[in-house]
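Read through the structure below, which is laid out as structure tokens, and then see the notes.
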Amino acid sequence: MSINLELPKKLHVTIDQAHQAAAEIFRPISRKYDLREHDYPVELDTLASLYDGLAETGQAGAGADGGRSQKKAKPEGEGAVVNGGNMQSVLNVMETSWGDVGLMLSIPYQGLGNSAIAAVATDEQLERFGKVWAAMAITEPSFGSDSAAVSTTATLDGDEYVINGEKIFVTAGSRATHIVVWATVDKSLGRAAIKSFVVPRDHPGVEVVRLEHKLGIRVSDTAVIRFDNCRIPKDNLLGSPEVDTKKGFGGVMQTFDNTRPLVAGMAVGVARAALEELRRVLDEAGIEVDYDRPAADQHAAAAEFIRMESDFEAAYLLTMRAAWMADNKQPNSTEASMSKAKAGRVVNDITNKVVELLGTFGYSERLLVEKWARDAKILDIFEGTQQIQNLIIARRVLNKSSAELK
Ligand SMILES: Cc1cc2nc3c(=O)[nH]c(=O)nc-3n(C[C@H](O)[C@H](O)[C@H](O)COP(=O)(O)OP(=O)(O)OC[C@H]3O[C@@H](n4cnc5c(N)ncnc54)[C@H](O)[C@@H]3O)c2cc1C
């Protein structure tokens, strides 16, 4: 069977709407908020009402409806395939990140926590948390890559869990209405006891301690959040409360199967923005990009453009595959990591190369290219660094456990 790489019509509606928001709302304010770190972009309020409307009609990406569309896709009948909420979210993210990835990370209801909810929540919880804007809090002062080292605790007391601990580098941590917090219900039981909990941000016992100053995505608020005897209803634990030591880390880790393709989508969006800018400048300079001639036989900048464009295509297709598999309920952990590893590498290569090829212009604030190069770095770090993705892929390909290959 041949592969049909054409997107269905309904997804073009998603792309067009997201592109319009990116071009008309994000791009014009991109530099302004890069220079005014921590200012709240009031323009996002307009976008929030737009997404509310889209969520009502089912046309928005997964985040806009609290993750319900990411969860609901089910193939109809034998052999049917689905292009559902995950695909829609990834396309949405690609377009909006083309506009500005920091602003994209600040879009209400589009938090990484929303995808975490979609990945792990029961149907009842999906209904309850369908209208929240959720950030995701895994990282702690004592660890980043090693997610099994969670030390924040959730202690059952009657009908409530009591959460204690500190989370750092929480994207949208001061703006989101809710936070998905990873905490252990029993440290002695190891990684199987790590569960995720939905916590309202303005709940007693939750304190946003400070915001970070950063290299890139400066418009995005990155918060340190402290939980001090924060009591939440016990059914805010996402998924099953059962601690299955045989199953290990499986439950919460499913979150990454949904979120890594999204981060890959962000990288694809930023990479495309940089490539388009390069193409524009090459066109203006009268440098032709000729796909019929070998690289050695044309302008060096054109040859670089073609090399980067092919890398970009590979990243795009890997990302689409990972999202498609999630929609079709196929295990996609390996492909999710592959998409993120490739796209994270590609966006850093492309944005830095474009800065280089555009010379002083590229380095100056006259264009957005230098900003995209700064923004790109985080896309190869959060939701698992480049090295961690490679490690996961290697384990899967070589059939090794995490104890065997560290
Ligand atoms: C702007 C920003 C936003 C963020 N947003 C969030 C968020 O919303 N929620 C959240 O929970 N976290 C968030 N993070 C945290 C992010 O996920 C972590 O920074 C990331 O997981 C890496 O952890 P670390 O910084 O502690 O690095 P470390 O784990 O200390 O790693 C340092 C270096 O060592 C490498 N390394 C580590 N282990 C291995 C290994 N076994 N083999 C080879 N190399 C290895 C890493 O790849 C990295 O290069 C954010 C971070 C930033 C900077």
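The values are calculated or read from the model by the stated rules, or taken from the named source; none is laboratory data. What you see is a predicted model, and the numbers here were worked out from it, not measured in a lab. Positions of Cβ are backbone-derived with ideal geometry, glycine not excepted, and every protein chain shown enters the neighbour counts.
What number of residues within segment 158-190 satisfy the criterion of being surrounded by fewer than 23 Cβ atoms within 10 Å (Cβ to Cβ) and polar (S, T, N, Q)? Residues that pass the stated criteria total 4.
Among the residues of segment 164-174, those identified as within 15 Å of the ligand (Cβ to nearest atom) and not aromatic (F, W, Y) are G165, E166, K167, I168, V170, T171, A172, G173, S174. Determine the pairs where a residue that is more than 21 Å from E383 (Cβ to Cβ), located within segment 119-148, has a partner that is part of a loop (DSSP other than H, G, I, E, B) with Cβ atoms under 7 Å apart, the partner being 6 or more residues away or on another chain. Here the result reads T122/G239; Q125/L238; L126/G67; G130/G66; K131/G66, each pair linking segment 119-148 to a residue that is part of a loop (DSSP other than H, G, I, E, B). Step by step: first the residues of segment 231-256, then only those that are buried (at least 23 other Cβ atoms within 10 Å of the Cβ) and not aliphatic (A, V, I, L, M), then the one that is farthest from S337 (Cα to Cα). Which residue is that? Restricting to residues being buried (at least 23 other Cβ atoms within 10 Å of the Cβ) and not aliphatic (A, V, I, L, M), the top hit is T255.
Between S89, S106, the distinction of being small (G, A, S) and outside any helix (DSSP H, G or I) belongs to S106 only. Would you check if there is a residue in segment 280-296 being of a type in the set (D, E, K, R), in contact (Cβ under 8 Å) with a residue 24 or more places away in the chain and at negative phi? No - not one qualifying residue is present in segment 280-296. Within 8 Å of the ligand (Cβ to nearest atom) and surrounded by fewer than 22 Cβ atoms within 10 Å (Cβ to Cβ): is that true of S145 in this structure? Answer is yes for this residue.
For segment 115-133, the set of residues classified as assigned to a loop (DSSP other than H, G, I, E, B) and hydrophobic (A, V, I, L, M, F, W, C) consists of A121, F129, V132, W133, listed by residue number.
To keep it simple, each residue is scored yes or no on (1) modelled with pLDDT of 90 or more; (2) under 30 Å from A21 (Cα atoms); (3) in contact with a Leu (Cβ under 7 Å, 6 or more places away or on another chain).
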| position | (1), (2), (3) |
| --- | --- |
| V90 | yes, yes, yes |
| E95 | yes, yes, no |
| I107 | yes, yes, yes |
| S115 | no, yes, yes |
| A118 | no, yes, no |
| D146 | yes, no, no |
| S151 | yes, no, no |
| E160 | yes, no, no |
